[in-house]
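Here is the structure we will look at.
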Amino acid sequence: DRQSTTTLLSLLSLLIANTYYLHISRWIECYRAGAEVESNFSSIFALLFKVHIKVARCGSRIDTPDGEKNEVKMISMIMILNQKGEIMMSRQYRDDVSRVAADSFRIQVIAAKEASSQPPIKRIENCSFLYTRHLNMYFVALTKSNVNPALVFEYLFQKIRILKAYLGEDFEENSMKNNMTLIYELMDETMDFGYPQNCAVDVLRLYINLGNVKPQDEPTPEQLTKQITGAIDWRREGIRYKKNEVYIDILESVNLLISSTGGVLRSEVTGRVQMNTKLTGMPECKFGLNDKLVIEKESSAGRKKSGVEIDDCTFHRCVRLGKFDTDRTITFIPPDGEFELMRYRVNDNVNIPFRLIPAVQEEGQTKCSINLKVIANFSEKLFATHVVIKIPVPKNTSKSKIKNSFGRAKYEPEQNAIVWRIKRFPGKAECMLSADLELVRTVRPKAWARPPISVEFQVPMFTASGVHVRFLRVYDKAGYHTNRWVRYITKAGGYQIKI
């Protein structure tokens, strides 16, 4: 009936507006080149193409079943400006804004020096400017509609990530000017009519390159079509390795704040799972941690094991979130090479790697003594590296006499602290430091604020949260053997002890 047809057209319009209609021309090229396309897919493609033309002709407005008009809210223009506010390059996707708007942005944001002190969203003359900064350049998105700011910023961050992959981590204004053709091509491929499109670097490199792709690596039109339009755009087909290996790094950062009386004021661990996969074909992986919810399910089946309560999990887009929501299993088809699988946070039962016991005694206005005991709480089979302990001292310190059990300790006036460096700290070990300070009398005596002691360290094969990898299973049609390597590293984040 008429209402069902209208509803279908609206849904198809939304589908086209938010997916890959940028690549319609490429589909046509592949079709003309002889790529095999099934008849039913060809008819659906023709229908979608007509709907796309209808959306474009309607001025980005979609008819709803109730007859109301809903404006499609998206980006109108992308600009890249230098630190003077001059437009280096821009791409206009809709005609409701112009380059003249850059003058308003330069005057009210760049010249007014608001970029570092104000939120990165500015409303000027009924136009919204959403911007982020890379070195001395501003990446700005302009729109006159009420867009989703998180989506816009994600696109800008992805844009910078893509340019880093092509031009280097520290690309600057000169490298941008020398590669303007490439950048404009990337602008057209990553956004169409104001809608973000394919931002996967591996896919973009298949057909946009700097001339360094070997002829045998160039994809066929059929492979290119599958890569662009497929659901798995982060991994290409045909990958082969003589030796199939997976490297897993569990990297954790400990944030700790302890009061002067020894009470824990704040303790949390933020971690990430970094992977480097060298696998043949299109394997499916299942990854398991000692998650408390999963362990409790297994315990009800007769096994008794302890688990860790993992909070705030965020995943790479290759992870199937539906399966994780239902049974907490992490299932994914991994990208080729290095990628970050997930991030997490743990607040309870944090294993503190180092315990510090400070004692400070001020003797009038001319002397001060500091004693510090450091205890390593991890196993004696492990050791910490690059341990740096910064012990603050009064600003009017003139001389210091320091004694320490091992490592090197030195008073550094520019930091107003005694810096104690230990290359290797064994587990379960204890060490002491004592310092006698001579202070210069001041005209106006002022109480010492006593900043906290800060600690830096790195402990291999140790996790402060207790998280560890239970299993990694790799499933592939070929049934090949996979070598798995796991490494744990814990380092200090904001690790402070008040004195």
Task: Dipole magnitude (debye, nearest 20) for the range 258-395, charges at Cβ of Lys, Arg, Asp, Glu - done: 200
- [ ] Could you check how much of the accessible area of the range 301-426 is carbon and sulfur, as a whole percent, using a 1.4 Å probe?
- [x] 46
Open item on the list: I'd like the distance between the alpha-carbon centres of the range 258-284 and the range 138-158, rounded to an integer number of Å.
Closed with: 30
Open item on the list: So, R0 is 45 Å and r is the distance between the beta-carbons of GLU172 and LYS367; what FRET efficiency does that work out to, to 0.05?
Closed with: 0.30
Task: Vicinal HN-Hα couplings computed from phi for the range 485-499 (Karplus, 6.51 cos²θ - 1.76 cosθ + 1.60; Hz; Gly/Pro x) - done: 10, 10, 9, 10, 9, 10, 10, 7, x, x, 9, 10, 10, 6, 10
Open item on the list: Whole-Hz ³J(HN,Hα) for each residue in the range 256-273, computed from phi via Karplus 6.51 cos²θ - 1.76 cosθ + 1.60 with θ = phi - 60°, x for glycine and proline: what do you get?
Closed with: 9, 9, 10, 6, 5, 8, x, x, 7, 8, 8, 8, 7, 10, 10, x, 9, 9
TODO: Would you mind computing, in nm to one decimal, how far apart the modelled labels at ILE160 and GLU380 are, each placed 7 Å from Cα along Cα→Cβ?
DONE: 4.9
TODO: Would you kindly state how much longer the chain becomes between PHE324 and ILE357 on full extension, computed as 0.36 nm times their sequence separation minus their alpha carbon distance, in nm to one decimal?
DONE: 7.6 nm
- [ ] Could you run the Karplus curve 6.51 cos²θ - 1.76 cosθ + 1.60 with θ = phi - 60° over the range 311-318 and give me ³J(HN,Hα) per residue in whole Hz, x for Gly and Pro?
- [x] 10, 6, 7, 10, 10, 5, 5, 6
Open item on the list: How much length would be gained if the chain were fully extended between TRP448 and ASP103, taking 0.36 nm per residue of separation minus their Cα-Cα distance, in nm to one decimal?
Closed with: 119.2 nm
Open item on the list: Of all beta bridges DSSP finds with both residues in the range 272-370, what is the antiparallel percent, to the nearest 5?
Closed with: 95
Task: 18 Å cut-off, amide nitrogen to a point 7 angstrom out along VAL440 Cα→Cβ, residues in the range 402-422 - done: 411-418
Task: Label-point separation, SER145 to ASP348 (7 Å along Cα→Cβ), nm - done: 4.5
Open item on the list: 5 Å is the cut-off here: which amide hydrogens, built 1.01 Å from N in the peptide plane, fall below it relative to MET77, excluding neighbours closer than 5 in sequence?
Closed with: TYR93, LEU142
Task: Subset of LYS390/LYS446; LYS164/LYS498; LYS84/LYS159 violating a 30 Å alpha-carbon distance limit - done: LYS164/LYS498
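The values are calculated or read from the model by the stated rules, or taken from the named source; none is laboratory data. This one's a predicted model, so the numbers in the text were calculated from it and none came from an experiment. Heads up, the Cβs are rebuilt from the backbone with ideal geometry, glycines too, and the neighbour counts pull from every protein chain shown. Remember, those area values only see protein heavy atoms, side chains included, never the ligands or the DNA or RNA. Shrake-Rupley method; radii C 1.70, N 1.55, O 1.52, S 1.80 Å.
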